[in-house]
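Enquirer: Got a structure for you, questions after.
Each value in this text was obtained by applying a stated rule to the coordinates, not by laboratory testing. In this text, all values refer to a predicted model and were calculated from it rather than measured experimentally. With ideal geometry, Cβ positions are generated from the backbone for all residues, glycine too; neighbour counts draw on all protein chains shown.
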Amino acid sequence: MHAVTDEGHIKETSEQFSRVDQHSSYPAMRRGTFEQVNLLELIDPKGESQFEKYSHVWSHPPSGSSHGRQYDQVLSWFGRQPDVGDWKRQRRNSVQDKILAVSTSRCNVFKTYLRRQQVDVNFTLGALTTASGVLGAVLPGVNASRNLAGAAGLFSGLRSEYNQSYYSNLAAHVIVQGIELRQNRLRKELVEARQGKSVEDYSMEAAINDAIVIDGTCSTVSGLIEAQEAIREVESPGLKTAARVIAGNAALRALSQASSADLLDNGQLEKLVAIAGADVPSMLVSSTKPVEQPTPDSRVMVARSAQARIALHIDSAAQLTARTYSEFKEKEEQKTKEKEKDSKPAPAAMDPGALRSAVAQSLSEAVLKPLIQSQPPGVLTQCVSALAAVTEALVNAQTHWQLVQSDPAKRVNAQLVLAQAQANAVAAADRVDRVAYAANAEVDSRTAVLLGLLKQKAAQDGGLKIAKGDDLTSAVKAPFVPGAGTGCP
């Protein structure tokens, strides 16, 4: 604890404690003091070389040039000393071990920095991508959705370019592992195999050179070279990856063109979704962890089910109408029994099941049919056709993006094209959804009219003894015309 508040060691204290974070603890040794390699003192701790012929190199204050001459004189002095009792080999190994210890300390800091730098940049750009993408998906308006999705594509493209340029698309821990593997191999080849040799066979200069070679391997380049097989796989997708991409996009085409109800009936929906989602990138999800947010592909699939959703809503409305009618009918029959105990009440002319069918048919004819007719094309037909066109463009953009990963320039351009295609798909899906929402709201409104008529008839004596469903449904048979904001270009 004293080291934290020791004002005399502010620089060392800052180096040790201000950089502590979630990636690494602070070093056990004070780096400012430990990471010094004083070769002159290590090789000649008694300063005996200063009394040789060229001792004038020691007579002036040390500078860069004088240090160089001093190194030369000390190394020369060491080489000319007699090796009595194997002290020269031990001294050589000690100097080499000191250099390697300092190198290890510095490399540990570099490896932590590598991880910290990659995580910080990826988190920042990933967070911006997620925020832009999610806002683009939830905010109303085509322009806002397109602009935010474009921003998400830009941030995602910058992140991809950063990872490719600095790390060749490898995680920091993979590069660190490559550095450690390379250093361990060199230690065995250059150090462990040579430290047992005599100074005549393995000189002090050679030992220092080997230590410098190992020290130089603590770099991103060395880690990438060691992990070259992994890098080659990232840069060359190969036939397997290409086939996987093509299969995924073919599944997406099938999802966009087929009816969701048909796919559910034949059990193909889950299989196609699994294949389509295997290798499809999305700008609208965070790349740091899985999140449950709608992607352009899922938005397209939901939009394609608009007709089925409207039909299901109509069926629910008809069921509600029939159930309400049945409740009113039971109450009316009970009242009739109390008034006429000796006479059997005449049953209503229509049962709830028949009324449900009549209401469902009337609402379908009035609301759904005008939307899906082909000639002239209804609003929903137009929107779904436009959605199919942008889905095809999205599939092509996804395929192209997957297959140009090895080319940074093409990858960035493909990323922007993909972001635009995703924005167009989201906008087209929004238009389909707006039509579906408007249709369902119209169904709710007309159902409320039916329920109001039922309530009025129930208030009349014998009013529920209707002859047929048309007595009710005639009030809701006017063709539905979507309002402003639900059209498709």
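Enquirer: Holding the Cα-Cα limit at 27 Å, pick out from 88/188; 369/457; 457/477; 98/188; 46/188; 46/197 the pairs that are longer than that. List each step's numbers first, then the result.
Expert: Numbers: 88/188 21 Å; 369/457 29 Å; 457/477 19 Å; 98/188 17 Å; 46/188 32 Å; 46/197 25 Å.
Flagged as over cut-off: 369/457; 46/188.
Enquirer: Let me ask something else. Give me, ordered by chain and number, the residues 5 or more places off residue 195 or on other chains with an amide H under 5 Å from its own placed amide H.
Expert: none
Enquirer: Taking the Cβ of each residue in 404, 449 as the centre, tally the other Cβ atoms inside 10 Å and list the residues starting with the fewest.
Expert: Working: 404 17, 449 12.
Lowest count first: 449, 404.
Enquirer: Taking the Cβ of each residue in 406, 222 as the centre, tally the other Cβ atoms inside 10 Å and list the residues starting with the fewest.
Expert: Numbers: 406 14, 222 18.
Least to most surrounded, the residues fall as 406, 222.
Enquirer: Where does each of 68-74, 129-135, 192-198 land if you order them by average Cβ count within 10 Å, highest first? Don't skip to the end; give the middle numbers.
Expert: Values: 68-74: 16.1, 129-135: 21.7, 192-198: 12.6.
Final packing ranking: 129-135, 68-74, 192-198.
Enquirer: Quick check on the exposure proxy: order 124, 220 from fewest to most C-beta atoms within 10 angstrom.
Expert: Ranked by crowding around the Cβ, least crowded first: 124, 220.
Enquirer: Order of 174-187, 359-372 by packing, highest average Cβ count within 10 Å first?
Expert: Ranking, from highest mean packing down: 359-372, 174-187.
Enquirer: So for each of 427-436, 322-331 I average, over its residues, the number of other beta carbons within 10 Å; can you give me the resulting order with the highest mean first? All intermediate terms of the calculation are to be shown ahead of the outcome.
Expert: Working: 427-436: 23.1, 322-331: 17.2.
Put in order of decreasing packing, that is 427-436, 322-331.
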